[in-house]
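In what follows, a single structure is set out as structure tokens and then discussed.
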Amino acid sequence: MSMELYQEYADALDMLDDDMRFEYIIDLGKTANEVPFPEDFMRDENLMHGCMSRVWIIHTVNDGKHNFIGESDAVIVKGLVSMMTKSFSGLTSEELAGITLDHVRKLNLGALTTQRQVGMMAMLKHMQKLAAV
Amino acid sequence: MTSNLAYDVQKIRADFPILSREVYGKPLVFLDSAASAQKPRQVISAMVDVMENDYANVHRGAHYLSQVATDHFESAREKVARFINATEDEVIFTRGGTESMNLVASCFGQAHLKGGDQVVTSVMEHHANIVPWQMLEGSKGIEVLFVPVDERGVLDMAAFEALLGPKVKLVSLAHVSNVLGTVNPVEDIIALAHSKGIPVMLDGCQGITHGSVDVKALDVDFYVFSGHKLYGPSGIGVLYGKKGLLNSMPPYQGGGDMIETVTLEGTTFKEAPHRFEAGTPAIVEAIGLGAAIDYVSEVGMDAIAAHETLLLEQAMAKLSAIEGMQLIGTAPNKVSVLSFNVEGIHPLDIATVLDRQGVAVRVGQHCAEPLIKAMGYEATVRASFGMYNTLEEVDKLVAGVEKAKKMFGA
Ligand SMILES: Cc1ncc(COP(=O)(O)O)c(C=O)c1O
């Protein structure tokens with residue numbers, strides 16, 4: 001399975017200290033707009049509930065592969081959701097179902113703020129639910 | 001700005017063990033006391049002490065320990081009563097403010113509300129003072145009316161008066177807003193409602209912590225608060241109610257400790273407070289709350305309030321100097337609960353940067369979604385100052401917000 005982006009993120013984060021990880025996520029959030037999230041998808045039905053900021057995730061299937069794009073109105077959360085959606089796009093149902101909370105833990109963002117790590121786990125579950133895997 | 005020399009904040013801080021810890025390698029700056037305050041050693045030791053030495057179930061055993069535990073528990077009730085100038089039989093222990101308000105909605109509702117009756121609350125309320133009434137709309141067909149707030153976060157008193165029609169059977173309003181810090185004109189509210197024969201409940205979850213409260217002087221019918229915001233433990237709260245009113249209401253739950261006699265034909269209930277305290281209560285937590293009340297009383301509620309006002313004024317002055325700062329809640333009568341946003345930056349981003357600096361604030365809608373929407377926002381950052389916060393900590397808050405501004409380039 002192609003998890004190159006995930007591996008890239010994991011490697012990059014691994015080399016950084018906590019403060020730099022924090023800035024890395026903010027940079028991801030600031031640059032995530034390279035592929036703009038379609039404005040008219042910011043509808044309530046694409047909203048992920050239970051977050052302190054608004055998070056939208058949309059899901060498409062192409063050739064049996066699941067793709068996600070995400071958006072948030074908070075920069076830090078946008079960095080995280082963009083990392084999550086890019087990391088786990090392009091996977092088959094089986095591969096996506098095999099992604100576990102360990103994958104999230106390995107990104108080493110727990111020390112960033114524990115709340116964000118919980119949020120990312122919720123994002124993963126939400127993506128798996130959207131893909132119905 | 002001069003500091004209050006008589007108020008020894010460093011001595012107070014030394015009583016709160018948690019304040020000396022670090023987060024992310026930085027000293028903790030705890031500005032979230034409106035959600036839940038930290039506990040002084042005096043509270044912690046009172047709770048440990050009762051569990052180590054004097055613990056047994058209350059009101060039950062003929063044995064020595066049960067007597068001792070009952071004495072401690074009932075003396076905690078006495079402390080609460082003295083603290084708000086009530087009598088002990090008007091003080092009901094609950095799990096917290098939320099349960100206290102649900103108890104009133106349920107029991108006052110059963111005794112005194114029928115379809116078509118109205119309850120007046122406001123846009124400013126915590127969900128705990130909205131949802132129980134909405135549930136009665138569903139189950140009993142009552143109607144809930146909301147007093148609006150203006151752009152400063154002040155209750156519209158003319159609208160309030162206009163709402164007080166003949167169908168209104170209860171007014172239930174916050175003493176102090178948990179989002180804006182607005183202190184409502186509760187004397188006027190109570191006088192107006194009483195002039196029409198309508199009883200008043202005050203949600204004092206924030207009011208009790210920022211000044212002294214005298215339920216007799218207020219002539220309020222119900223007053224509600226939580227232990228954990230008053231430097232006591234969670235799991236314990238208070239419902240004050242006028243005796244006659246309490247005894248006009250049926251019990252909340254059925255069980256042990258609340259009955260006079262139980263026969264297979266039926267049951268007669270004890271009077272308040274026991275009628276409303278079915279089952280084994282939160283014994284240790286009640287004793288902890290008693291210790292918290294001793295602690296704040298010793299420092300003095302007025303001294304605490306004066307210190308907090310100093311912090312609030314400094315925070316408002318320094319924060320409002322930041323470009324793009326939106327202070328949310330600028331009522332003339334306001335306590336040290338400070339909501340704000342910075343234009344162009346999401347409150348969660350600000351709060352996360354603050355968190356990384358060790359500064360704990362709350363972010364979101366603060367269980368008051370209608371209010372946040374009415375003020376024109378999706379969410380806010382909320383800093384709340386307690387008896388142990390310092391002017392240096394206000395400066396760290398301000399520095400953290402400035403740092404967030406730099407990081408997010410707004
Ligand atoms: C004004 C107000 N009312 C009610 C509550 C609910 O209190 P608790 O969660 O302790 O039951 C709170 C606390 O968040 C509050 O601030």
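Descriptive notes on the structure:
- Just one of (1) more than 30 Å from B:V342 (Cβ to Cβ); (2) touching a helix residue (DSSP H, G or I) at 6+ places or on another chain (Cβ under 9 Å); (3) touching a residue at least 60 places away in the same chain (Cβ under 8 Å) fails for A:E95. It is (2).
- For beta carbons closer than 8 Å, sequence separation of 6+ or different chains, a first residue in region B:85-96 that is among the small types (G, A, S) and a second that is more than 13 Å from the ligand (Cβ to nearest atom), the qualifying pairs are B:A86/B:V80; B:A86/B:V215; B:A86/B:K216; B:A86/B:Y240.
- In the set B:D150, B:D89, B:D188, only one residue is assigned by TED's automatic domain parsing to the domain that holds B:G279, more than 16 Å from the ligand (Cβ to nearest atom), surrounded by 15 or more Cβ atoms within 10 Å (Cβ to Cβ) and not hydrophobic (A, V, I, L, M, F, W, C); that residue is B:D89.
- Restricting region B:265-280 to residues that are at pLDDT below 95 and outside any loop (DSSP other than H, G, I, E, B), the residue that is surrounded by the fewest Cβ atoms within 10 Å (Cβ to Cβ): B:G266
- Qualifying positions in region B:153-185 - more than 14 Å from the ligand (Cβ to nearest atom) and in contact with a Gly (Cβ under 7 Å, 6 or more places away or on another chain): B:K167
- Boolean, B:E308 is touching a residue at least 60 places away in the same chain (Cβ under 8 Å) and either among the aromatic types (F, W, Y) or crowded, with 19+ Cβ neighbours inside 10 Å (or both): yes
Results for (1) touching a Cys at 6+ places or on another chain (Cβ under 9 Å); (2) within 16 Å of the ligand (Cβ to nearest atom); (3) under 22 Å from A:I76 (Cβ atoms), shown as yes or no for each residue.
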site: B:S320; (1), (2), (3): no, no, no
site: B:S339; (1), (2), (3): no, yes, yes
site: B:V342; (1), (2), (3): no, no, yes
site: B:I345; (1), (2), (3): no, no, yes
site: B:D355; (1), (2), (3): no, no, yes
site: B:V361; (1), (2), (3): no, yes, yes
site: B:P370; (1), (2), (3): no, yes, no
site: B:K373; (1), (2), (3): no, no, no
site: B:G376; (1), (2), (3): no, no, no
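- Criterion violated by B:S20 - all others in (1) assigned by TED's automatic domain parsing to the domain that holds B:S339; (2) out of contact with any helix residue (DSSP H, G or I) (no Cβ under 9 Å at 6 or more places or on another chain) satisfied: (2)
- B:M47 being at pLDDT 95 or above and either open to solvent by 70 Å² or more (accessible area, probe 1.4 Å) or of a type in the set (S, T, Y) (or both): no
- Residue that is in contact with a strand residue (DSSP E or B) (Cβ under 7 Å, 6 or more places away or on another chain), more than 16 Å from the ligand (Cβ to nearest atom) and either among the β-branched types (V, I, T) or within 14 Å of chain A (Cβ to nearest Cβ) (or both), where the choices are B:T261, B:T309: B:T261
- In region A:4-24, the residues that are in a helix (DSSP H, G or I) reach residues that are among the basic types (K, R) with C-beta atoms within less than 7 angstrom, at least six apart or across chains, in these pairs: A:L5/A:K86; A:A10/A:K106; A:L13/A:R21; A:F22/B:R356.
- Those residues of region B:97-123 which are near the ligand (Cβ under 9 Å from one of its atoms) and open to solvent by less than 10 Å² (accessible area, probe 1.4 Å), in sequence order: B:G97, B:S100, B:M101
- Residue in region B:133-146 that is in contact (Cβ under 8 Å) with a residue 40 or more places away in the chain and within 13 Å of the ligand (Cβ to nearest atom) present: no
- Pick from region A:28-78, criterion of a type in the set (D, E) and surrounded by 12 or more Cβ atoms within 10 Å (Cβ to Cβ), ranking: nearest to the other protein chains (Cβ to nearest Cβ): A:D73
- Residues in region A:14-26 that are within 10 Å of chain B (Cβ to nearest Cβ) and open to solvent by 60 Å² or more (accessible area, probe 1.4 Å): A:D19, A:E23.
- Flag for B:N129 being out of contact with any Leu (no Cβ under 9 Å at 6 or more places or on another chain) and within 16 Å of the ligand (Cβ to nearest atom): no
- Any hit, region B:59-68, residues being surrounded by 21 or more Cβ atoms within 10 Å (Cβ to Cβ) and in contact (Cβ under 8 Å) with a residue 12 or more places away in the chain: no
- For region B:369-408, a tally of residues being within 14 Å of chain A (Cβ to nearest Cβ), farther than 29 Å from B:E22 by Cβ, in contact with a helix residue (DSSP H, G or I) (Cβ under 9 Å, 6 or more places away or on another chain) and of a type outside the set (S, T, Y) returns 2.
- Failed criterion for A:V61 (all others in (1) under 14 Å from the mean Cα position of the chain (by Cα); (2) modelled with pLDDT of 90 or more; (3) aliphatic (A, V, I, L, M) hold): (1)
- Flag if B:A14 is open to solvent by 20 Å² or more (accessible area, probe 1.4 Å), under 20 Å from the mean Cα position of the chain (by Cα) and not assigned by TED's automatic domain parsing to the domain that holds B:H210: no
The values are calculated or read from the model by the stated rules, or taken from the named source; none is laboratory data. Everything numeric in this text was worked out from a predicted model, so none of it was measured. Methodologically, a virtual Cβ is constructed for each residue, glycine included, from the backbone with ideal geometry; neighbour enumeration extends over all protein chains shown. For accessibility, only protein heavy atoms count, side chains too; no ligands or nucleic acids. Shrake-Rupley method; radii C 1.70, N 1.55, O 1.52, S 1.80 Å.
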